[in-house]
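This report refers to the structure that appears directly beneath it.
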Amino acid sequence: MQPKKTKTMDRRSQLPDELLLTILSFLPMTDVVGTRVLSQRWKFLWEMVPRLSYDYYKQNLSHEEFLRFVDRSLFLHDAPVIEALHFKLGGVPDSKDIRVWIRAAEELAVRELIIKIVTCRRRVELPRSLYRSCRMLVTLKLSNVVLVDDVASPVSFPSLKKLSLKSIKYPNDVFVDKLLSGCPVLQDLVVEKCPGDNVPILSVRILHLKSLALSTSEDRAKAKPHGFEAYPVGSVFHRLVHLKICTCQSEWLNLRMRVLSDSPNLRSLKLEPCHRMVNQQRPCWSEPSSVPECVLSSLKTFEWVLYEGREEEKEVVAFILRSASCLENVTVTFSSDHRRSEKFKMIKELSFLPRRSPTCRITFDGSYSFSSEGEKKTCSILPDELLLKILSLRPNAKDFVATMVLSKRWKFLWMFMPRLVYDDSYQNLEHGRFSLLVDRSLSLHKGPVIEYLHFKLGKIYGTGDIEAWIIRAAEKHCVHELIIEIDNKSSGNKAPVTLPGSLFTCFRTLTTLKLANAVLMDVNSPISFPSLKKLSLKCVKHGGEAFVKNLFSGCPVLEDLFMEQCEDDSVTILSVRVPSLKRLVLYRIETIFKIKSQGFVIDAPSLEFLDIFHTSGYCVIESSMTQVVEANIVINIWQPWKKLSSITSFKRFYLCVPFSKDVYPTGSVFCSLLRLTLCSCETQWLNLLMGVLKDCPKLRALKFNQCHSLRTSDPRPIWNPLWNEKSSVPECLLSSLETFEWVCYEGTEEEKEAVAFIIRNAKCLKKATIKISSKATESDKKLEVIKELFSSTRVSPACQLALS
């Protein structure tokens with residue numbers, strides 16, 4: 001038996017530290033510290049866990065032993081940053097102890113701090129140091145404690161974005177204003193008032209607040225839960241996007257249907273019981289006569305917290321799934337009171353409910369209760385959902401199939417893996433063994449949904465192999481993301497792999513498709529990807545322009561397109577005409593310049609992001625692109641470039657072109673442009689710079705970056721002395737430019753003039769960063785460049801010069 005145990009320990013020890021720390025982060029600290037006895041490697045590993053949870057109720061220590069354990073483990077912890085520090089305390093914790101722990105939280109740069117007092121004879125006062133010592137806190141959650149005012153010092157939480165205060169005793173009503181005013185970037189606030197609260201009127205005045213939840217823990221019997229009295233009849237919530245409804249009253253179903261009918265643009269619905277139903281009649285479900293407009297046209301996410309599987313709850317979920325045509329994500333969380341068998345029964349029922357939306361995916365989450373003390377000491381204490389998530393971090397098929405030998409529970413767990421990767425180069429599997437692994441694992445897989453399916457193959461595999469795997473995956477599962485990547489370096493000069501035509505017709509639920517280094521079989525029938533939103537084609541050969549047109553027409557909801565053309569691509573002019581497209585990246589690199597006309601033609605009126613890289617071609621934009629926010633354009637040619645129109649909506653712009661005239665229509669003004677990056681690798685870049693700056697009155701950030709080296713045959717750029725005149729200074733330098741950065745600064749004459757011009761005229765400049773080029777290798781030359789930069793006159797008194 002001993003060799004088998006050692007072999008199991010060796011398998012765990014092969015996991016990287018990052019994965020082990022992630023697993024340990026899900027456990028209470030008593031279990032985490034206990035791992036130090038496993039081996040020499042584990043002796044200090046626990047000291048680097050990024051998330052610490054001290055739960056008084058999840059260990060067998062006395063109150064005094066628990067306090068000593070917290071003190072010692074915090075003192076020995078060695079991680080530079082703690083992502084989360086949770087305290088769930090009982091008994092009678094002393095304020096002095098908490099003061100010591102908060103001081104430790106300050107030293108460990110804690111990002112999230114939660115202090116929850118569950119049962120104690122008196123409320124615990126938190127120390128005043130909390131208000132000024134934890135400056136790195138992003139999330140703070142306090143429950144059942146007393147806050148004490150520090151009159152001499154203000155409250156300071158400069159990084160706090162989420163604050164939760166439940167059943168808190170405040171020193172006075174003035175302190176609440178003081179606390180909230182000390183959170184300048186607060187975005188999410190939750191306040192639950194306690195009985196006998198000494199702050200009867202709570203004032204919330206926060207400029208940046210995005211989410212607010214206010215509630216009271218008064219006796220629920222005093223409330224009037226009549227759903228039809230919740231708000232005036234005839235109200236319509238046109239701007240309501242996110243809705244959360246409590247399911248703890250018998251009338252909640254009536255309220256839900258009414259609010260849904262009055263919220264035509266609702267996108268997110270969450271159902272959660274805030275309190276337990278005590279001696280109340282169960283809600284009764286009745287099928288509505290009509291489906292609310294938001295369910296038909298806009299609802300995308302639906303979440304149910306503490307789902308119990310009652311009849312009316314099943315009916316509600318079934319109604320949402322069969323009616324919501326745009327639904328993308330459904331999350332169901334179960335109560336910890338359910339046994340594992342009950343939970344699996346509910347998962348099975350919900351998984352097989354009919355769904356109207358082809359892109360809808362259901363995820364389940366929850367916790368288990370275990371009775372076996374021996375089971376608690378192993379990885380099996382973790383719920384199946386968590387184990388599957390951990391396995392998904394290393395989703396190679398050979399690894400997760402091998403887990404079936406660990407125990408009886410693991411024998412079938414791998415069959416529900418949501419992410420599958422088949423890499424034939426992994427651990428040098430033979431061709432026959434790899435094919436057998438793919439065939440059998442796909443045949444035995446029982447999960448209704450495969451979120452991610454990735455094939456990384458060599459040229460040795462033929463169209464028949466790939467077609468069999470594709471059809472098997474599509475017939476049994478709803479595949480959401482498919483990646484087929486052919487390794488060009490393998491198998492020498494073998495012919496390219498051709499992907500089967502069935503790929504374009506059998507994946508109706510596919511939302512992401514990525515193909516690389518393959519040949520697409522030409523098909524005469526229409527291509528059908530009704531749910532596809534992301535498409536990536538890297539060095540993929542196909543039938544030509546007609547095939548591309550057929551492909552795009554078969555993707556009615558395509559939003560993200562990446563295409564990298566091969567150097568010998570048969571399509572010289574690539575036309576992209578997709579009305580729904582929001583993000584477009586087009587790459588083509590030619591090592592030899594060709595006289596033959598090449599380029600891109602784009603017709604995408606909904607485009608928001610554009611990235612073009614073409615070393616020997618042009619670009620034509622046919623439609624108006626008023627929604628584009630960011631664009632990166634690199635066109636490196638020796639022929640006139642077609643005019644780029646409709647770009648005045650850009651907010652971020654990266655530009656690299658070998659000329660300064662006719663880059664965009666004369667008279668264009670970029671009123672929305674805030675960030676501009678120009679490539680300094682072309683002779684005409686200074687002329688282009690001065691022209692663009694004059695047309696960007698609200699520019700805030702300017703960056704120069706040398707992406708390519710200047711050709712030795714080209715003359716150096718020349719600084720025009722006329723630009724130094726006051727009348728030539730662009731408006732953005734005088735009124736809006738705040739940051740300036742130069743990458744690969746060499747200290748040439750024209751570069752010195754450009755830097756001096758900017759910092760001499762930019763009145764609002766706050767920071768100028770100069771990154772000196774590696775070409776300036778001599779220390780004397782670098783020192784001379786630095787002295788010249790620091791001696792330059794700066795008009796902005798707030799300007800800081802940083803060199804690297």
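The values are calculated or read from the model by the stated rules, or taken from the named source; none is laboratory data. Since we're looking at a predicted model, the values are computed, not measured. Cβ: placed from backbone, ideal geometry, glycine included. Neighbour counts: every protein chain shown.
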Total residues in segment 35-73, condition assigned to a helix (DSSP H, G or I) and more than 30 Å from the chain's Cα centre (by Cα): 20
Within segment 423-444, can one find any residue that is in a helix (DSSP H, G or I) and among the aromatic types (Phe, Trp, Tyr)? yes
Taking segment 149-175 on its own, how many of its residues are in contact with a helix residue (DSSP H, G or I) (Cβ under 9 Å, 6 or more places away or on another chain) and surrounded by 16 or more Cβ atoms within 10 Å (Cβ to Cβ)? 7
Restricting to segment 521-569, give me the number of residues that are part of a strand (DSSP E or B) and buried (at least 20 other Cβ atoms within 10 Å of the Cβ). 5
Taking Leu113, is it surrounded by 15 or more Cβ atoms within 10 Å (Cβ to Cβ), within 22 Å of Ser164 (Cα to Cα) and in contact with a strand residue (DSSP E or B) (Cβ under 8 Å, 6 or more places away or on another chain)? yes
Return yes or no: is Ser502 small (Gly, Ala, Ser), more than 29 Å from the chain's Cα centre (by Cα), assigned by TED's automatic domain parsing to the domain that holds Ala474 and in a loop (DSSP other than H, G, I, E, B)? no
Expected output for segment 39-60 (first residue without any contact (Cβ under 8 Å) to a residue 12 or more places away in the chain, partner surrounded by 13 or more Cβ atoms within 10 Å (Cβ to Cβ) and of a type in the set (S, T, N, Q), Cβ below 7 Å, 6+ apart or cross-chain) is Trp42/Thr35
Please go through segment 122-178 and pick out each residue that is among the hydroxyl-bearing types (Ser, Thr, Tyr) and assigned to a loop (DSSP other than H, G, I, E, B). Ser129, Ser153, Ser156, Ser159, Ser167, Tyr170
Would you confirm whether any residue within segment 80-94 is closer than 29 Å to Arg132 by Cα, modelled with pLDDT of 75 or more, in a helix (DSSP H, G or I) and among the β-branched types (Val, Ile, Thr)? no
Does Asp384 count as at pLDDT 75 or above, charged (D, E, K, R) and surrounded by 14 or more Cβ atoms within 10 Å (Cβ to Cβ)? no
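Here is a yes/no grid of residues against (1) touching a residue at least 12 places away in the same chain (Cβ under 8 Å); (2) in a loop (DSSP other than H, G, I, E, B); (3) surrounded by 16 or more Cβ atoms within 10 Å (Cβ to Cβ); (4) over 26 Å from the mean Cα position of the chain (by Cα):
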{"position": "Leu296", "(1), (2), (3), (4)": "yes, no, no, yes"}
{"position": "Phe302", "(1), (2), (3), (4)": "yes, no, yes, no"}
{"position": "Val317", "(1), (2), (3), (4)": "yes, no, yes, yes"}
{"position": "Leu321", "(1), (2), (3), (4)": "yes, no, yes, no"}
{"position": "Leu327", "(1), (2), (3), (4)": "yes, yes, yes, no"}
Selected residue (only one of Leu693, Leu655, Leu676 is under 24 Å from Pro717 (Cβ atoms) and at pLDDT below 85): Leu655
Surrounded by fewer than 15 Cβ atoms within 10 Å (Cβ to Cβ), at pLDDT below 75, polar (S, T, N, Q) and outside the structural domain of Val519 (by TED's automatic domain parsing): does that describe Ser646? no
List the pairs whose first member sits in segment 376-396 and is more than 15 Å from Leu27 (Cβ to Cβ), whose second member is among the hydrophobic types (A, V, I, L, M, F, W, C) and modelled with pLDDT under 70, and whose Cβ atoms are under 7 Å apart, counting only residues at least 6 apart or on separate chains? Leu391/Phe400
Unique residue being of a type in the set (S, T, N, Q), part of a loop (DSSP other than H, G, I, E, B), at pLDDT 75 or above and under 26 Å from Val190 (Cβ atoms) when the list is Ser263, Ser235: Ser263
